[in-house]
1. What tally of residues in the range 89-124 results from selecting those that are under 21 Å from Ile40 (Cβ atoms), polar (S, T, N, Q), in contact (Cβ under 8 Å) with a residue 40 or more places away in the chain and surrounded by 15 or more Cβ atoms within 10 Å (Cβ to Cβ)?
2. List the residue pairs whose Cβ atoms are under 7 Å apart, where the first residue sits in the range 52-66 and is on the phi > 0 side of the Ramachandran plot and part of a loop (DSSP other than H, G, I, E, B), the second is buried (at least 24 other Cβ atoms within 10 Å of the Cβ) and among the acidic types (Asp, Glu), and the two are 6 or more positions apart or on different chains.
3. So which residues in the range 76-88 are under 23 Å from Asn114 (Cα atoms) and either in a helix (DSSP H, G or I) or touching a residue at least 40 places away in the same chain (Cβ under 8 Å) (or both)?
4. Test Phe95 against the criterion of being of a type in the set (Phe, Trp, Tyr) and modelled with pLDDT under 95, and give yes or no.
5. Just give me the residues in the range 154-177 being modelled with pLDDT of 75 or more, more than 25 Å from Asp115 (Cα to Cα) and not β-branched (Val, Ile, Thr), in sequence order.
Amino acid sequence: MINLSVNFRGISNSENYNICYIDSRPYNGAAPDQKILSTITENFPDPKNVSIVDIAAGEGRNTIPLAQKGYNLLALELCSVGRDEIRKKADFNRFENINISGHDITKQPLNSKNDAFIMSHLTQHLNSEEMNSAFANISKSIKPKGILLFDSLINYGEPLFKNTKVDQEEGCCRFTMSEIKEMAEKNGFKLKEIVPYEETGASRAKYIDQRRWGGPGMHESDRFRHARRPVYLKWFLFEKT
């Protein structure tokens with residue numbers, strides 16, 4: 001059972017995530033995000049020489065399927081447990097098109113230009129400063145017309161929290177769609193698409209259960225608290241101008 005006392009806020013809490021990867025395997029589930037797979041194959045039908053960066057790659061649930069399709073993957077994962085798991089899977093399948101790194105994209109850009117960046121279940125653990133830094137460093141590491149695809153928790157109407165929108169109880173950040181759009185455009189990206197999570201074939205209930213928000217491992221008081229705070233999750237697709 002996942003350690004619910006762990007604070008996930010911030011991309012740099014690698015030791016905390018190591019605990020989660022050990023306690024709950026596979027963390028975030030084993031199935032890839034179908035929205036990621038379909039978007040990559042639609043935008044890059046020929047995988048030859050296409051470089052994709054999977055930020056916060058976890059244990060490789062999106063990295064491995066994309067590598068199987070022939071794309072060149074750079075899996076960025078701060079947690080050593082996650083990196084080791086990706087390495088095992090890559091070695092087992094004899095993949096030569098996967099590189100693995102502990103690089104922190106919120107701290108500095110990559111030294112290469114890439115065709116696409118993907119992020120799954122990450123942005124809710126970043127505050128405004130980290131999000132802006134991530135956008136800036138991705139912008140320096142992506143080719144013109146390259147794409148950035150990620151999901152994010154969304155606030156509707158009056159924001160629950162000002163400035164960083166950090167939920168002190170949940171340890172999560174929820175941004176408005178306008179805030180995400182503004183941060184991306186400031187760093188040279190234009191919005192191409194916003195897709196509700198439900199339209200990608202994954203139900204909101206399944207997502208909440210995977211994240212243990214209202215799931216079977218949660219304390220009753222926490223389950224009640226989260227039930228009063230609906231989660232709105234959307235996919236954002238941006239293109240580098």
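1. Within the range 89-124, residues that are under 21 Å from Ile40 (Cβ atoms), polar (S, T, N, Q), in contact (Cβ under 8 Å) with a residue 40 or more places away in the chain and surrounded by 15 or more Cβ atoms within 10 Å (Cβ to Cβ) number 3.
2. That search, which allows pairs on different chains as well, returns Ala56/Glu77; Gly58/Glu77.
3. The answer is Leu78, Cys79, Gly82, Arg83, Ile86, Arg87.
4. It is true that Phe95 is of a type in the set (Phe, Trp, Tyr) and modelled with pLDDT under 95.
5. Scanning the range 154-177 gives a single hit, Phe175.
The values are calculated or read from the model by the stated rules, or taken from the named source; none is laboratory data. Keep in mind the model is a prediction, meaning the values are calculated, not measured. Reconstructed Cβ throughout: ideal geometry from the backbone, glycine too, with neighbour counts over all protein chains shown.
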